[in-house]
Amino acid sequence: MQLRYNFRVYPTPGQRIALARAFGCARVVYNDALAARMDAYRSGAPRLSAGELSKRLTESKKSPERAWLAEVSSVVLQQALADLDTAYRNFFQSVTGKRKGARVAPPRFRSRKDNRQSIRFTRNARFAVTEGGKLRLPKIGDVAVRWSRVLPSDPSSVSVVKDAAGRYFASFVVEVNPESLPGIDTEVGIDLGLATFAVCSDGKTITSPRFLRRAERKLRKAQQALSRKDKGSRNRVKARVRVAKAHAQVADTRKDFAHKHSTAIIRENQAVYVEDLCVKGLARTRLAKSVHDAGWGMFTRMLEDKSARYGRTLVKVDRFFPSSRICSDCGRVDGPKPLSVRTWSCPCGAVHDRDLNAARNILAAGRAERLNACGGLVSPAA
(Lines give C-alpha, C1' and ligand atoms only; values in the text may rest on other atoms or scores of the structure.)
Protein backbone atom coordinates (compact mmCIF):
# COMPACT_ATOMS: atom_id res chain seq x y z
CA MET A 1 0.00 0.00 0.00
CA GLN A 2 1.04 3.59 -0.62
CA LEU A 3 1.45 6.14 2.15
CA ARG A 4 2.24 9.82 2.15
CA TYR A 5 4.87 11.32 4.47
CA ASN A 6 4.92 15.10 4.92
CA PHE A 7 7.91 17.08 6.16
CA ARG A 8 8.53 20.78 6.63
CA VAL A 9 11.18 22.22 4.30
CA TYR A 10 13.04 25.51 4.57
CA PRO A 11 14.18 26.81 1.17
CA THR A 12 16.63 29.69 0.93
CA PRO A 13 15.51 33.01 -0.59
CA GLY A 14 16.99 31.98 -3.94
CA GLN A 15 15.28 28.60 -3.80
CA ARG A 16 11.97 30.30 -2.99
CA ILE A 17 12.32 32.31 -6.19
CA ALA A 18 13.03 29.11 -8.14
CA LEU A 19 10.03 27.41 -6.55
CA ALA A 20 7.80 30.39 -7.37
CA ARG A 21 8.99 30.15 -10.97
CA ALA A 22 8.17 26.43 -11.05
CA PHE A 23 4.73 27.06 -9.51
CA GLY A 24 3.99 29.67 -12.16
CA CYS A 25 5.19 27.56 -15.09
CA ALA A 26 3.14 24.56 -13.97
CA ARG A 27 0.08 26.80 -13.63
CA VAL A 28 0.56 28.27 -17.13
CA VAL A 29 0.98 24.82 -18.71
CA TYR A 30 -2.15 23.58 -16.95
CA ASN A 31 -4.20 26.59 -18.07
CA ASP A 32 -2.92 26.42 -21.66
CA ALA A 33 -3.84 22.73 -21.91
CA LEU A 34 -7.27 23.37 -20.38
CA ALA A 35 -7.93 26.21 -22.82
CA ALA A 36 -6.88 23.99 -25.74
CA ARG A 37 -9.26 21.21 -24.69
CA MET A 38 -12.12 23.67 -24.18
CA ASP A 39 -11.53 25.21 -27.63
CA ALA A 40 -11.51 21.77 -29.22
CA TYR A 41 -14.79 20.92 -27.50
CA ARG A 42 -16.49 24.16 -28.63
CA SER A 43 -15.34 23.73 -32.23
CA GLY A 44 -16.44 20.09 -32.38
CA ALA A 45 -12.90 18.85 -33.03
CA PRO A 46 -11.71 15.49 -31.65
CA ARG A 47 -10.63 15.46 -28.04
CA LEU A 48 -6.97 16.29 -27.56
CA SER A 49 -5.05 13.36 -26.13
CA ALA A 50 -2.33 13.58 -23.51
CA GLY A 51 0.28 12.87 -26.16
CA GLU A 52 -0.96 15.73 -28.35
CA LEU A 53 -0.91 18.14 -25.42
CA SER A 54 2.64 17.04 -24.62
CA LYS A 55 3.69 17.76 -28.21
CA ARG A 56 2.14 21.20 -28.01
CA LEU A 57 4.07 21.84 -24.80
CA THR A 58 7.33 20.92 -26.52
CA GLU A 59 6.55 23.26 -29.40
CA SER A 60 5.56 26.10 -27.08
CA LYS A 61 8.97 25.94 -25.38
CA LYS A 62 10.56 26.80 -28.72
CA SER A 63 8.41 29.91 -29.19
CA PRO A 64 9.58 33.30 -27.88
CA GLU A 65 6.37 33.74 -25.84
CA ARG A 66 6.90 30.54 -23.83
CA ALA A 67 10.68 30.13 -23.94
CA TRP A 68 10.86 30.68 -20.17
CA LEU A 69 9.14 27.31 -19.62
CA ALA A 70 12.54 25.69 -20.21
CA GLU A 71 13.85 27.27 -17.01
CA VAL A 72 12.10 24.66 -14.83
CA SER A 73 12.19 20.88 -14.80
CA SER A 74 10.23 19.31 -17.66
CA VAL A 75 8.83 16.69 -15.25
CA VAL A 76 6.99 19.42 -13.35
CA LEU A 77 5.30 20.55 -16.57
CA GLN A 78 4.40 17.00 -17.60
CA GLN A 79 2.86 16.39 -14.19
CA ALA A 80 0.70 19.49 -14.67
CA LEU A 81 -0.67 17.88 -17.84
CA ALA A 82 -1.20 14.63 -15.94
CA ASP A 83 -3.17 16.52 -13.29
CA LEU A 84 -5.45 17.97 -15.96
CA ASP A 85 -6.00 14.53 -17.48
CA THR A 86 -6.88 13.13 -14.03
CA ALA A 87 -9.30 16.01 -13.39
CA TYR A 88 -11.12 15.35 -16.67
CA ARG A 89 -11.22 11.61 -16.04
CA ASN A 90 -12.75 12.12 -12.60
CA PHE A 91 -15.29 14.55 -14.05
CA PHE A 92 -16.42 12.19 -16.81
CA GLN A 93 -16.60 9.21 -14.44
CA SER A 94 -18.68 11.27 -12.05
CA VAL A 95 -21.09 12.38 -14.78
CA THR A 96 -21.55 8.82 -16.08
CA GLY A 97 -22.00 7.39 -12.58
CA LYS A 98 -18.82 5.31 -12.57
CA ARG A 99 -17.35 7.34 -9.71
CA LYS A 100 -18.93 7.13 -6.26
CA GLY A 101 -19.39 10.03 -3.91
CA ALA A 102 -20.24 13.65 -4.51
CA ARG A 103 -20.42 14.94 -8.05
CA VAL A 104 -17.11 16.24 -9.39
CA ALA A 105 -17.09 19.60 -11.17
CA PRO A 106 -15.24 20.11 -14.47
CA PRO A 107 -11.65 21.40 -14.30
CA ARG A 108 -11.20 25.11 -13.73
CA PHE A 109 -8.38 27.50 -14.55
CA ARG A 110 -5.74 27.93 -11.87
CA SER A 111 -5.22 31.43 -10.54
CA ARG A 112 -1.94 33.06 -9.65
CA LYS A 113 -3.74 34.56 -6.64
CA ASP A 114 -4.33 31.15 -5.06
CA ASN A 115 -2.64 31.03 -1.68
CA ARG A 116 -1.78 27.35 -2.06
CA GLN A 117 0.65 26.26 -4.79
CA SER A 118 2.21 22.85 -5.49
CA ILE A 119 4.41 21.00 -7.96
CA ARG A 120 5.29 17.32 -8.23
CA PHE A 121 8.52 15.51 -9.12
CA THR A 122 8.57 11.85 -10.10
CA ARG A 123 11.50 9.46 -10.34
CA ASN A 124 12.12 10.65 -13.89
CA ALA A 125 13.18 13.99 -12.41
CA ARG A 126 15.91 12.19 -10.44
CA PHE A 127 15.24 13.95 -7.19
CA ALA A 128 17.22 12.54 -4.28
CA VAL A 129 17.87 12.79 -0.57
CA THR A 130 21.52 13.69 -0.04
CA GLU A 131 23.81 12.20 2.57
CA GLY A 132 23.46 15.43 4.52
CA GLY A 133 19.70 14.97 4.75
CA LYS A 134 18.71 17.59 2.19
CA LEU A 135 16.22 17.18 -0.65
CA ARG A 136 17.87 17.67 -4.03
CA LEU A 137 15.43 18.99 -6.61
CA PRO A 138 16.34 19.63 -10.28
CA LYS A 139 16.88 23.32 -11.15
CA ILE A 140 16.10 24.28 -7.55
CA GLY A 141 18.95 22.88 -5.47
CA ASP A 142 19.41 21.16 -2.13
CA VAL A 143 16.53 22.15 0.15
CA ALA A 144 16.80 21.76 3.93
CA VAL A 145 14.27 19.30 5.38
CA ARG A 146 13.13 18.96 8.99
CA TRP A 147 13.03 15.16 9.26
CA SER A 148 10.68 13.90 11.98
CA ARG A 149 11.01 10.21 11.04
CA VAL A 150 12.77 7.96 8.56
CA LEU A 151 11.18 7.09 5.23
CA PRO A 152 10.37 3.35 5.18
CA SER A 153 11.37 2.99 1.50
CA ASP A 154 12.53 4.98 -1.49
CA PRO A 155 9.81 7.48 -2.52
CA SER A 156 8.21 7.23 -5.95
CA SER A 157 7.37 10.93 -6.07
CA VAL A 158 7.61 14.10 -4.03
CA SER A 159 5.34 17.14 -4.08
CA VAL A 160 6.52 20.52 -2.88
CA VAL A 161 3.63 22.48 -1.42
CA LYS A 162 3.40 26.09 -0.31
CA ASP A 163 0.36 26.67 1.89
CA ALA A 164 -1.60 29.85 2.61
CA ALA A 165 0.56 30.59 5.66
CA GLY A 166 3.71 30.72 3.50
CA ARG A 167 5.08 27.41 4.80
CA TYR A 168 6.76 24.88 2.52
CA PHE A 169 6.29 21.12 2.77
CA ALA A 170 7.70 18.09 0.97
CA SER A 171 5.17 15.29 0.56
CA PHE A 172 6.71 11.90 -0.28
CA VAL A 173 4.75 8.94 -1.65
CA VAL A 174 6.27 5.63 -0.53
CA GLU A 175 5.30 1.98 -0.85
CA VAL A 176 5.00 0.11 2.45
CA ASN A 177 3.87 -3.36 3.46
CA PRO A 178 0.87 -3.65 5.82
CA GLU A 179 1.95 -4.24 9.42
CA SER A 180 -0.51 -6.57 11.13
CA LEU A 181 -0.69 -5.94 14.85
CA PRO A 182 -1.04 -8.89 17.24
CA GLY A 183 -4.63 -10.09 17.42
CA ILE A 184 -6.72 -9.17 20.47
CA ASP A 185 -10.28 -9.92 21.57
CA THR A 186 -11.53 -6.42 22.36
CA GLU A 187 -14.05 -4.63 20.16
CA VAL A 188 -15.55 -1.17 20.58
CA GLY A 189 -18.48 0.85 19.33
CA ILE A 190 -18.01 4.63 19.06
CA ASP A 191 -20.68 7.30 19.19
CA LEU A 192 -19.40 10.66 17.89
CA GLY A 193 -20.86 13.86 19.25
CA LEU A 194 -20.34 17.55 19.89
CA ALA A 195 -20.58 17.93 23.67
CA THR A 196 -18.25 14.92 23.96
CA PHE A 197 -16.15 14.11 20.92
CA ALA A 198 -16.49 10.33 21.29
CA VAL A 199 -18.09 7.93 23.75
CA CYS A 200 -16.94 4.30 23.56
CA SER A 201 -19.08 1.30 24.39
CA ASP A 202 -16.64 0.30 27.14
CA GLY A 203 -17.33 3.57 28.98
CA LYS A 204 -14.29 5.54 27.86
CA THR A 205 -14.90 9.11 26.70
CA ILE A 206 -12.88 11.57 24.63
CA THR A 207 -13.59 15.17 25.51
CA SER A 208 -14.27 17.60 22.67
CA PRO A 209 -11.25 19.93 22.34
CA ARG A 210 -13.15 22.60 20.33
CA PHE A 211 -10.00 23.99 18.76
CA LEU A 212 -11.78 26.58 16.63
CA ARG A 213 -13.94 27.82 19.50
CA ARG A 214 -10.90 28.30 21.71
CA ALA A 215 -9.07 30.24 18.99
CA GLU A 216 -12.02 32.41 17.96
CA ARG A 217 -10.82 35.49 19.86
CA LYS A 218 -7.38 35.32 18.26
CA LEU A 219 -8.86 34.71 14.82
CA ARG A 220 -11.34 37.55 15.22
CA LYS A 221 -8.62 40.05 16.12
CA ALA A 222 -6.43 38.92 13.22
CA GLN A 223 -9.33 39.17 10.77
CA GLN A 224 -10.26 42.64 12.06
CA ALA A 225 -6.67 43.80 11.58
CA LEU A 226 -6.77 42.43 8.03
CA SER A 227 -9.99 44.26 7.19
CA ARG A 228 -8.41 47.59 8.17
CA LYS A 229 -5.50 47.28 5.75
CA ASP A 230 -5.61 48.91 2.32
CA LYS A 231 -6.08 46.53 -0.57
CA GLY A 232 -2.87 45.97 -2.51
CA SER A 233 -0.60 47.16 0.31
CA ARG A 234 2.25 45.18 1.78
CA ASN A 235 0.70 45.47 5.24
CA ARG A 236 -2.41 43.72 3.95
CA VAL A 237 -0.27 40.84 2.67
CA LYS A 238 1.37 40.52 6.09
CA ALA A 239 -2.01 40.62 7.82
CA ARG A 240 -3.38 37.93 5.49
CA VAL A 241 -0.43 35.67 6.36
CA ARG A 242 -1.10 36.18 10.07
CA VAL A 243 -4.72 35.10 9.58
CA ALA A 244 -3.60 32.08 7.56
CA LYS A 245 -1.10 31.09 10.24
CA ALA A 246 -3.77 31.26 12.93
CA HIS A 247 -6.07 29.01 10.91
CA ALA A 248 -3.19 26.66 10.11
CA GLN A 249 -2.43 26.28 13.83
CA VAL A 250 -6.06 25.27 14.48
CA ALA A 251 -6.02 22.77 11.61
CA ASP A 252 -2.69 21.26 12.68
CA THR A 253 -3.77 20.77 16.30
CA ARG A 254 -7.04 19.19 15.18
CA LYS A 255 -5.19 16.80 12.88
CA ASP A 256 -2.70 15.88 15.61
CA PHE A 257 -5.60 15.20 17.99
CA ALA A 258 -7.31 12.93 15.46
CA HIS A 259 -4.08 11.05 14.69
CA LYS A 260 -3.28 10.31 18.33
CA HIS A 261 -6.74 9.09 19.30
CA SER A 262 -7.35 7.10 16.10
CA THR A 263 -4.01 5.31 16.54
CA ALA A 264 -4.81 4.48 20.17
CA ILE A 265 -8.25 3.11 19.27
CA ILE A 266 -6.89 0.93 16.46
CA ARG A 267 -4.10 -0.47 18.63
CA GLU A 268 -6.41 -1.30 21.54
CA ASN A 269 -9.25 -2.95 19.59
CA GLN A 270 -9.48 -5.71 17.00
CA ALA A 271 -12.71 -4.31 15.51
CA VAL A 272 -14.06 -0.76 15.59
CA TYR A 273 -17.67 0.17 14.83
CA VAL A 274 -18.68 3.75 14.05
CA GLU A 275 -21.79 5.44 12.71
CA ASP A 276 -21.72 6.53 9.06
CA LEU A 277 -22.57 10.17 9.70
CA CYS A 278 -23.69 12.53 6.91
CA VAL A 279 -21.26 15.31 7.73
CA LYS A 280 -22.25 17.41 4.70
CA GLY A 281 -25.87 17.36 5.74
CA LEU A 282 -25.08 18.26 9.34
CA ALA A 283 -22.84 21.08 8.11
CA ARG A 284 -25.92 22.79 6.62
CA THR A 285 -27.63 23.13 9.98
CA ARG A 286 -27.22 25.72 12.73
CA LEU A 287 -24.54 23.46 14.22
CA ALA A 288 -22.31 23.87 11.15
CA LYS A 289 -19.40 25.56 12.93
CA SER A 290 -19.31 22.95 15.69
CA VAL A 291 -19.60 20.09 13.18
CA HIS A 292 -16.66 21.37 11.15
CA ASP A 293 -14.68 22.02 14.32
CA ALA A 294 -15.18 18.43 15.48
CA GLY A 295 -13.60 16.94 12.34
CA TRP A 296 -15.64 13.72 12.31
CA GLY A 297 -14.91 12.99 8.66
CA MET A 298 -11.14 13.27 9.10
CA PHE A 299 -11.27 11.10 12.21
CA THR A 300 -13.25 8.29 10.54
CA ARG A 301 -10.98 8.38 7.47
CA MET A 302 -7.96 7.94 9.73
CA LEU A 303 -9.65 4.99 11.44
CA GLU A 304 -10.36 3.46 8.05
CA ASP A 305 -6.82 3.92 6.75
CA LYS A 306 -5.12 2.68 9.91
CA SER A 307 -7.41 -0.35 10.23
CA ALA A 308 -6.42 -1.40 6.71
CA ARG A 309 -2.75 -0.84 7.45
CA TYR A 310 -2.61 -2.68 10.76
CA GLY A 311 -4.95 -5.58 10.00
CA ARG A 312 -7.91 -4.35 12.05
CA THR A 313 -11.60 -4.26 11.12
CA LEU A 314 -13.66 -1.10 10.74
CA VAL A 315 -17.43 -1.33 10.18
CA LYS A 316 -19.64 1.67 9.50
CA VAL A 317 -23.19 1.35 10.79
CA ASP A 318 -26.02 2.78 8.70
CA ARG A 319 -26.62 6.46 9.47
CA PHE A 320 -30.39 5.84 9.81
CA PHE A 321 -29.89 3.25 12.54
CA PRO A 322 -31.77 4.61 15.64
CA SER A 323 -28.88 4.10 18.05
CA SER A 324 -30.12 6.76 20.49
CA ARG A 325 -33.68 5.38 20.69
CA ILE A 326 -32.99 1.68 21.30
CA CYS A 327 -32.63 0.31 24.81
CA SER A 328 -29.33 -1.55 24.88
CA ASP A 329 -30.69 -3.85 27.63
CA CYS A 330 -34.08 -5.01 26.30
CA GLY A 331 -33.98 -3.83 22.68
CA ARG A 332 -37.15 -1.72 22.90
CA VAL A 333 -37.30 1.17 20.40
CA ASP A 334 -38.38 4.40 22.10
CA GLY A 335 -39.63 7.61 20.49
CA PRO A 336 -37.49 10.41 19.04
CA LYS A 337 -35.53 12.52 21.50
CA PRO A 338 -34.17 16.05 21.08
CA LEU A 339 -30.49 16.69 21.63
CA SER A 340 -31.24 18.33 24.96
CA VAL A 341 -32.25 14.94 26.41
CA ARG A 342 -29.02 13.41 27.71
CA THR A 343 -30.50 10.61 29.88
CA TRP A 344 -33.70 8.64 29.54
CA SER A 345 -35.45 5.71 31.25
CA CYS A 346 -36.80 2.58 29.58
CA PRO A 347 -39.97 0.82 30.82
CA CYS A 348 -37.77 -2.19 31.56
CA GLY A 349 -36.23 -0.17 34.40
CA ALA A 350 -32.90 0.70 32.77
CA VAL A 351 -31.66 4.30 32.94
CA HIS A 352 -29.43 5.17 29.99
CA ASP A 353 -26.90 7.83 29.27
CA ARG A 354 -27.77 8.87 25.73
CA ASP A 355 -24.25 8.65 24.25
CA LEU A 356 -23.14 5.52 26.09
CA ASN A 357 -26.36 3.72 25.14
CA ALA A 358 -25.86 4.74 21.50
CA ALA A 359 -22.27 3.45 21.55
CA ARG A 360 -23.42 0.08 22.88
CA ASN A 361 -26.13 -0.15 20.20
CA ILE A 362 -23.59 0.73 17.51
CA LEU A 363 -21.37 -2.07 18.83
CA ALA A 364 -24.23 -4.59 18.62
CA ALA A 365 -25.33 -3.42 15.17
CA GLY A 366 -21.76 -3.47 13.88
CA ARG A 367 -21.20 -7.00 15.12
CA ALA A 368 -24.42 -8.15 13.44
CA GLU A 369 -23.47 -6.48 10.18
CA ARG A 370 -19.97 -7.94 10.33
CA LEU A 371 -21.35 -11.48 10.86
CA ASN A 372 -23.83 -11.01 8.04
CA ALA A 373 -21.07 -9.87 5.71
CA CYS A 374 -19.08 -12.98 6.54
CA GLY A 375 -22.03 -15.28 5.92
CA GLY A 376 -23.04 -15.74 9.53
CA LEU A 377 -26.50 -15.54 11.09
CA VAL A 378 -27.78 -12.19 12.31
CA SER A 379 -30.88 -13.45 14.09
CA PRO A 380 -30.39 -15.80 17.06
CA ALA A 381 -31.01 -19.48 16.44
CA ALA A 382 -34.52 -20.71 17.25
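The values are calculated or read from the model by the stated rules, or taken from the named source; none is laboratory data. Quantities reported herein were computed from a predicted structural model and do not represent experimental measurements. Using ideal geometry, Cβ is built from the backbone for each residue, glycine included, and neighbour counts are taken over all protein chains shown. In case anyone asks, the SASA skips ligands and DNA or RNA and just uses the protein heavy atoms, side chains included. Shrake-Rupley method; radii C 1.70, N 1.55, O 1.52, S 1.80 Å.
Data for the structure
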| quantity | calculated |
| --- | --- |
| Candidates Lys134, Lys113, Lys61: whichever shows maximal mean-square fluctuation once the chain is modelled as a Gaussian network with Cα springs under 10 Å | Lys113 |
| Per residue, in Å², the accessible surface of the chain once ligands and nucleic acids are set aside, probe 1.4 Å | 59 Å² |
| Links that overshoot a 30 Å alpha carbon limit, given the list Lys113/Lys139; Lys238/Lys260; Lys204/Lys280; Lys260/Lys289; Lys229/Lys289; Lys134/Lys231 | Lys238/Lys260; Lys134/Lys231 |
| With all protein chains modelled, accessible area of Ser340 [1.4 Å, Å²] | 100 Å² |
| The chain: relative contact order in percent, alpha carbon pairs under 8 Å with at least 6 residues between | 15 percent |
| Accessible area in the full protein assembly, largest first, 1.4 Å probe, for Ile190, Ile17 | Ile17, Ile190 |
| Furthest towards positive pole of dipole, Ser290, Ala246, His261, structure part region 180-333, Cβ charges | Ala246 |
| With every protein chain in place, the chain: carbon and sulfur % of accessible area (1.4 Å) | 51 percent |
| Which of Glu65, Glu268, Glu275 is most accessible, then next, and so on - probe 1.4 Å | Glu65, Glu268, Glu275 |
| GNM flexibility winner over the chain from Tyr30, Tyr168, Tyr88 (Cα, springs under 10 Å) | Tyr88 |
| Signed unit charges on C-beta, dipole axis of region 10-140, positive-most listed residue Asn115, Ala45, Val28 | Asn115 |
